Structures are given as C-alpha cells and as structure tokens.
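Structure first, commentary second.
The values are calculated or read from the model by the stated rules, or taken from the named source; none is laboratory data. Because the structure is predicted, anything quoted here is derived from the model rather than measured. Don't worry about glycine lacking a Cβ; one is built from the backbone with ideal geometry, like all the others, and counts go over all protein chains shown. The accessibility values were calculated without ligands, DNA or RNA, using every heavy atom of the protein model including side chains. Shrake-Rupley method; radii C 1.70, N 1.55, O 1.52, S 1.80 Å.
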Amino acid sequence: VFPAWGGTPRRRVAFFSGCVMDLMMGEIHRATVKVMQAHGVEVLNVRGQHCCGALAFHAGEDAMGRALARRNLEIFRGLGVDAIVNNSAGCGAALKEYRQHFHNEAEAAAFSALVKDVSEVLADLQPVVELKSPDAHRALAVCYDEPCHLLHGQKVSEQPKALIRRIPGLRWVNLPDAEFCCGAAGIYNITQPEMSRQVLARKVEALKSTGADVVLTGNPGCIMQIRRGCREAGLACEVLHPMELFARALP
C-alpha cells in the first residue's frame, strides 16, 4: 500500500502494472504512484497480476488473451477500490474491453467499468503539495502526442493535457497532427516494420517543427517508437510519459 499524502485519502485505487511498462520502464510506474499520492490517492499494488492480454489479442491469440484476462479478473476481485488505474494506453484499452471478450458477463463488465487511465482519476483532484518548475533554469517547451489507444480506443484526450498544463514553468507547444499514429500500432513496428517507419517519419517531421524540449505521450510502445525516431533524426528532445514530468514538479 502506498499511502496518500496529506492525511485521509480522497480516493483508494488499485494499480495495474502490466508487463512492458513494469519490466522496461519502472521509473514511469514509480512516478505515477508518486503523482497519485501527491493528489491524495491511496494506491494498492496488487500482487500476482498478469499481462493485460493486449499483445495476445493483437496477434489473434484470443484464447491466450482470455486466459490472461481471466487471471486478472480473479486477482482484482473484491478489493473495494474506487478505480483500477493504469498508465499505459494499450493496457487501458485492453482492460476496458474485457467485458467484450467475455460477452458482458457481470464480473468482466464490473471490472472494465472500474478501469481508468491515471489522468481520468486525477482530472478532478488537485495536488496536496505546491508544485515547482521541473527545470529551475528555463521554461521547457512541451508538446503532447495523443496515443491512439488512449485517444481513439478510450476517448481520453483532454484529461492528460489538463494535467500537463498544471505543471508550472512550461511553455506549451502544439504538435501538428498530434492525433495521428506514430507507427508503433501495438505490434506493427515488429510485424510491419516498413509501414511503421513510414508512419514514424511523418511523426518525427511534425515533432521537429515544434522545437520542443520535451515530448510527452502516455503509452510504452509510443514512447519507444518516438524515442527511436527522434534519436535517428538527431533531435535532442526528451520523450517522457506525462507522469514522469509531473513527478519532477513534486517536492
């Protein structure tokens, strides 16, 4: 249990850690939990949880995906939380679709109804501490890339941008065609590399036009894809999850 800062919790949530983010980007999880605590949220890290099943479903392995989903339904059963929170757009979309994979059976429907992106949970809360600029020496130019699974899959767009705008000392820069795919597309950067690179090239050109110091996006596949594109193009910008930048603004 990660206790809420500031006394009595405003919310009590269970955190879905997934697999790619958990194994490769643990710093994003740590930042996410810290940001939730700073908004007065108590966070339960549930032991024994499994992959959300998204990659299995993407690959057409429905039986494997449902087996992983069933295990998660069992693990998160009866916790009495306000929400099941995740910070990965792909995982969130998959978790919200459990009701469909199990034909709207009661347990799966109840689970999916509880699933929220971290930005959805924090949207109507304010930090219990005073925020500081992430960079004491300059105003960082920041742009936001809309992850497809968050924007199109979950219809979540305004909440993460509103959270980013709470951070002091930033200069917001609009990203042209922010809603267009970066080319990661679940597993397309592996299964369709040529197509993926063509789509990525368009995204990199848009990023180059912003001159941003920091590019924010809320999905591990997007983060890896955009980091690769920026590195190969010689762009000096950081590519971060919004929760990472927000955590830098905390005391």
By residue number, the members of the stretch 226-238 that are among the aliphatic types (A, V, I, L, M), touching a residue at least 24 places away in the same chain (Cβ under 8 Å) and open to solvent by 10 Å² or more (accessible area, probe 1.4 Å) are A233, L235
Every listed condition ((1) at pLDDT 90 or above; (2) open to solvent by 40 Å² or more (accessible area, probe 1.4 Å); (3) touching a Pro at 6+ places or on another chain (Cβ under 9 Å); (4) β-branched (V, I, T)) holds for V20 save (1)
inquiry  = Checking the structure you have, find out if any residue of the stretch 212-225 is open to solvent by 50 Å² or more (accessible area, probe 1.4 Å) and on the phi > 0 side of the Ramachandran plot.
reply    = no
Based on what the data block shows, is A201 of a type in the set (G, A, S), open to solvent by 50 Å² or more (accessible area, probe 1.4 Å) and within 28 Å of C19 (Cα to Cα)?
yes
Do the conditions hold for A247, that is, is it modelled with pLDDT of 95 or more, more than 28 Å from D22 (Cβ to Cβ), assigned to a helix (DSSP H, G or I) and open to solvent by less than 70 Å² (accessible area, probe 1.4 Å)? no
Across the stretch 32-76, the tally of residues that are touching a helix residue (DSSP H, G or I) at 6+ places or on another chain (Cβ under 7 Å) and either loosely packed, with under 15 Cβ neighbours inside 10 Å or farther than 16 Å from V1 by Cα (or both) stands at 14
task: Using the structure shown, decide if A162 is at pLDDT 95 or above, in contact with a Ser or Thr (Cβ under 9 Å, 6 or more places away or on another chain) and in a strand (DSSP E or B).
output: no
Selection over the stretch 142-173 where residues are among the hydroxyl-bearing types (S, T, Y) and surrounded by fewer than 19 Cβ atoms within 10 Å (Cβ to Cβ) yields a count of 1
